Amino acid sequence: MSNAARQLEVDPAVRAELDRLRDSIDNIDAALVHILAERFKYTQQVGQLKAVHALPPGDPAREASQIARPRRLAETAKLDPAFAEKLLGFIISEVIRHHEQIAEDTRS
């Protein structure tokens, strides 16, 4: 039986609940994208400030505290702390990459 045929057999109430939950997930995904965009707007400003004052793109002490804080928040929120740490680690690596690019552009 095809996937489409199986979907037709789903109880309408179950389908409605599934659609409702998926709509909520889609809304949260949209919010996450907007929150990340806002965060990166500020980290770009930090990168500009660092470049103008010849500061290094990375700040290991700040990065360590930035990773530790969400790990604690994740534990409180019942989210896998390792996942939160990986996610923030990825975000921080992107910020540093942006800061390196800003510094390079400023020197040029």
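The values are calculated or read from the model by the stated rules, or taken from the named source; none is laboratory data. Since the model is a prediction, treat every value here as computed from it, not as a measurement. Cβ: placed from backbone, ideal geometry, glycine included. Neighbour counts: every protein chain shown. We work out accessible area using only protein heavy atoms, side chains counted, and drop any ligands, DNA or RNA first. Shrake-Rupley method; radii C 1.70, N 1.55, O 1.52, S 1.80 Å.
Working only within region 84-108, note down all residues that are of a type in the set (Ser, Thr, Tyr) and open to solvent by 90 Å² or more (accessible area, probe 1.4 Å).
Within region 84-108, Ser108 is the sole residue that qualifies.
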Scan region 84-108 residue by residue and report those that are hydrophobic (A, V, I, L, M, F, W, C) and either at pLDDT 95 or above or in contact with a Phe, Trp or Tyr (Cβ under 8 Å, 6 or more places away or on another chain) (or both). Val95
Result of the Cβ filter at 6 Å on region 57-86, keeping first residues that are within 30 Å of Glu104 (Cβ to Cβ) and partners that are of a type outside the set (Lys, Arg) and open to solvent by 80 Å² or more (accessible area, probe 1.4 Å), at least 6 apart or interchain, is Pro57/Glu100
Report, by residue number, each residue of region 85-105 that is within 17 Å of Ala37 (Cα to Cα) and not β-branched (Val, Ile, Thr). Leu87, Leu88, Gly89, Phe90, Ser93, Glu94, Arg97, His98, His99
